[in-house]
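Colleague: Sharing a structure below in structure tokens format, with a few things to ask.
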Amino acid sequence: MTVTDILLLALGAVAAGSALRVVTTTHIVRAGLWLVVALGAMAACYLVLTAELVAWVQVLIYVGAVVVLLLFATMLTRAPIGPSPELDRARFPAALIGLGSGGGLAALFIFGYRWGKAELAAPGTAGVLGKEIFSGWVLPFEVLSILLLAALVGAIVVSRGERS
Amino acid sequence: MNLAESPKLEDFGHDVWWIILIKVVGIFAFLVVMTLFTIWYERKVVGRMQHRPGPNRVGPIGLLQSLADGLKLAFKEDIMPKLADKAVFFIAPVISTVCAFTAFSIMPLGGMVSIFGERTPLQLTDLPVAVLLVLACGGLGIYGIVLGGWASGSTYPLLGGLRSAAQMISYEVAMGLSIVAVFMTAGSMSTSEIVAAQANGSQQEIFGSTVTLPGWYFLMLLPSFLIYFISAVGETNRAPFDLPEAESELVGGFHTEYSSLKFALFFLAEYINMVTVSALCTTLFLGGWRAPAPITTWWAGANEGWWPLLWFTVKVLILLFVFVWLRGTLPRLRYDQFMRFGWKVLVPINLVWILLVAGVRVAANADNTVRYAIYGGFAVLLVGIIMFWPAKKQVEPASIAPEKLPEGSFPIPPMDLVVPPSPRTKRIEHAAAAPSATPEQGE
């Protein structure tokens, strides 16, 4: 076990544990804060894997913007201080889906790599990442941007409502 | 200019532990002293702008005023609102302050110096993506404000927190985009390399003649500089964009319920953020710690040793003056004006500008055919924008017909109600119209 392994395991445990708290806590805003911890731990994982750019972009976009927006939306509607036990959750189906997708992904990874060793790629600097995205991954990148654009336009259409 | 003095990325990460400790303590002390000084400086400058002396009781010319205020804050009662979410209420100012301090760790304060015989860059650390770290810290700092506002369990702080969340996210977009042009020109996201890239102007061939472009980016990338500074004001919640803590609307905004040291931490974070965005502006656009051009021509050693710290501080103080100047002169924007300005003016201009900069950079490295194709494309784009610029829509005045109200509602004044001019104004107008006969006609 190297230091990298230990760090990755610890950060993974933090991410998984706080992700669990996201879905089990009854405080709405605290669920958002646990989500921040989970995403931050993911960013730290990227940092350990020397993907600096991805790590900071993760912090910048997910922690710094997406979750803030989520909190903003909840506070705009209703974000009581203290637990809100009246919230309903589909515990059984959610657990089934969560466990199923998690287990499936884990099985896929184990099947794919068979506990073999993978060499750590070159440090994920902006240059390396840019070359990768705009050479091998152009199509997924563009498809994703179209998806985001569609979501943006959809949000505008929905929020404008019915107008004669 | 001695370029060997400018640190490379490889120079970082080899410091002995006690040098790191010295740097950390040094930056901490620098920021705290800058905060104390900036508060005094702001009150003094605003005082001068309003024809009053400003603080002048504690210490020479009032210099110790902020220290006295800080001590006073520390001795105040620490109030915990009954409805507050205790844990989050406590953590919020801590998040704000920690993020504010962390962002400063990558600011290049100078070139290579020697501390007790160890050669080391005058900068705590540097990363290949250092500027992103500052942006990320800014993004995390929002949590302090939003959570502080929410956890207070009170309406005004919640409204302030909501405003600041929307405001800071919006202006972070504009801020991040304005830095993109710098990244493209400098070819790096590391702060020390961006400063090094501004040391000398690049030689550029424009239509056959070689021209030396100015080194500092604020001239070459003027739109980016302006947008950066405007969004920095929005990002730090300063007037005229101080909507999250608008005193006349929200009492005190997100920190209404805070007192004592927790309030002091928010205050500290706000001023450190001001120093940080000014320092980042200096680094990105104003040549960082390098001495301005006229000084370096007659004094070769201006960029060596500890002198850069002076240039850096002076540049930061000039930018802080602009912050205070804006506060002293501009009224607060309305919330919708502010949002429209951010999303409909700053962001689109920024996107077009990035496209332009990218095009020019490609053109500079391409052969002549591609170059003229790109310039031709710009010309077509320009003509297209001018031709298809949307004409201003005729806004129909709101209907002033009295609304049909159900029986028993409150009476509403007519929409076209005109307030009669005050008698005093009338008299003054009258006097201005006929100055010779004022005393008799005034009666």
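The values are calculated or read from the model by the stated rules, or taken from the named source; none is laboratory data. All figures in this text were calculated on a predicted structure; none of them were measured in a lab. All Cβ positions, glycine included, derive from the backbone under ideal geometry; neighbour counts span all protein chains shown.
Colleague: Anything in the range B:102-123 that is buried (at least 19 other Cβ atoms within 10 Å of the Cβ), of a type outside the set (S, T, N, Q) and not in a strand (DSSP E or B)? List them, or say none.
Modeller: B:103, B:104, B:106, B:107, B:108, B:109, B:110, B:111, B:122
Colleague: Take the range B:323-361 and flag every residue that is in a helix (DSSP H, G or I), among the charged types (D, E, K, R) and in contact (Cβ under 8 Å) with a residue 40 or more places away in the chain.
Modeller: Once the filter is applied, which keeps residues that are in a helix (DSSP H, G or I), among the charged types (D, E, K, R) and in contact (Cβ under 8 Å) with a residue 40 or more places away in the chain, the range B:323-361 yields B:327, B:361.
Colleague: Restricting the range A:65-81 to residues that are part of a loop (DSSP other than H, G, I, E, B) and either in contact with a Phe, Trp or Tyr (Cβ under 8 Å, 6 or more places away or on another chain) or at the interface with chain B (Cβ under 9 Å from one of its Cβ atoms) (or both), which is nearest to residue B:88 (Cα to Cα)?
Modeller: My answer is A:81.
Colleague: Among the residues of the range A:84-91, is there at least one that is within 14 Å of another protein chain (Cβ to nearest Cβ) and surrounded by 10 or more Cβ atoms within 10 Å (Cβ to Cβ)?
Modeller: Yes, the range A:84-91 contains a residue that is within 14 Å of another protein chain (Cβ to nearest Cβ) and surrounded by 10 or more Cβ atoms within 10 Å (Cβ to Cβ).
Colleague: Checking residue B:80 against (1) more than 20 Å from residue B:279 (Cα to Cα); (2) assigned to a helix (DSSP H, G or I); (3) without any contact (Cβ under 8 Å) to a residue 60 or more places away in the chain, which single condition isn't satisfied?
Modeller: All conditions are met except number (2).
Colleague: Among the residues of the range B:25-54, what is the count of those that are assigned to a helix (DSSP H, G or I) and surrounded by 14 or more Cβ atoms within 10 Å (Cβ to Cβ)?
Modeller: Count: 20.
Colleague: Looking at the range B:162-190 only, could you name the residues that are surrounded by 24 or more Cβ atoms within 10 Å (Cβ to Cβ) and facing another protein chain (nearest Cβ under 7 Å)?
Modeller: Correct list: B:165 only.
Colleague: For the range B:82-132, which residues satisfy the criterion of being modelled with pLDDT under 85, more than 14 Å from residue B:24 (Cα to Cα) and away from chain A (no Cβ under 14 Å)?
Modeller: B:110, B:111, B:112, B:113, B:114, B:116, B:117, B:118, B:119
Colleague: Out of the range B:61-74, which residues are of a type outside the set (A, V, I, L, M) and in contact (Cβ under 8 Å) with a residue 60 or more places away in the chain?
Modeller: Correct list: B:70 only.
Colleague: Search the range B:415-436 for residues being part of a loop (DSSP other than H, G, I, E, B) and surrounded by 10 or more Cβ atoms within 10 Å (Cβ to Cβ), and hand back the single one that is modelled with the highest pLDDT.
Modeller: Among those residues, the one meeting the criterion is B:416.
Colleague: Just the residues that are surrounded by 13 or more Cβ atoms within 10 Å (Cβ to Cβ) and either on the phi > 0 side of the Ramachandran plot or out of contact with any helix residue (DSSP H, G or I) (no Cβ under 6 Å at 6 or more places or on another chain) (or both), please, taken from the range B:68-78.
Modeller: B:68, B:69, B:70
Colleague: Moving on. Which fully enclosed helices (runs of 4 or more DSSP H) of the range B:196-274 have 3 or more residues being at pLDDT 75 or above?
Modeller: Hits in the range B:196-274: B:217-220, B:222-235.
Colleague: Among the residues of the range B:10-33, are any at negative phi and within 14 Å of chain A (Cβ to nearest Cβ)?
Modeller: yes
Colleague: When you go through A:38, A:55, A:44, A:65 one by one, which is the residue that is at pLDDT below 85 and under 16 Å from the mean Cα position of the chain (by Cα)?
Modeller: Criteria check complete, one pass: A:65.
Colleague: Does the range A:134-150 contain any residue that is within 12 Å of chain B (Cβ to nearest Cβ) and within 21 Å of the chain's Cα centre (by Cα)?
Modeller: no
Colleague: Test each condition in (1) surrounded by 10 or more Cβ atoms within 10 Å (Cβ to Cβ); (2) over 30 Å from residue B:274 (Cα atoms); (3) at pLDDT 75 or above; (4) not β-branched (Val, Ile, Thr) for residue B:367 and report the one that comes out false.
Modeller: The one condition residue B:367 does not meet is (1).
Colleague: Take the conditions basic (Lys, Arg) and closer than 23 Å to residue B:163 by Cβ and apply them to residue A:21. Does it pass?
Modeller: Judged against the criteria, residue A:21 is not a match.
Colleague: Filter the range B:133-148 for residues that are at the interface with chain A (Cβ under 8 Å from one of its Cβ atoms), in contact (Cβ under 8 Å) with a residue 40 or more places away in the chain and crowded, with 24+ Cβ neighbours inside 10 Å and give the result.
Modeller: The answer is B:138, B:143, B:146, B:147.
Colleague: Across the range B:113-129, which residue is nearest to the chain's Cα centre (by Cα) among those that are closer than 24 Å to residue A:125 by Cβ and of a type in the set (A, V, I, L, M, F, W, C)?
Modeller: Among those residues, the one meeting the criterion is B:129.
Yes or no, residue by residue, for (1) among the aromatic types (Phe, Trp, Tyr); (2) more than 29 Å from residue B:157 (Cα to Cα):
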residue	(1), (2)
B:284	no, yes
B:292	no, yes
B:301	no, yes
B:311	yes, yes
B:314	no, yes
B:322	no, no
B:334	no, no
B:339	no, no
B:355	no, yes
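Colleague: From the list A:107, A:121, which residue is away from chain B (no Cβ under 14 Å) and at pLDDT 85 or above?
Modeller: Residue meeting the stated conditions: A:107.
Colleague: Is it the case that some residue within the range A:95-106 is of a type in the set (A, V, I, L, M, F, W, C) and closer than 22 Å to residue B:166 by Cβ?
Modeller: No, the range A:95-106 contains no residue that is of a type in the set (A, V, I, L, M, F, W, C) and closer than 22 Å to residue B:166 by Cβ.
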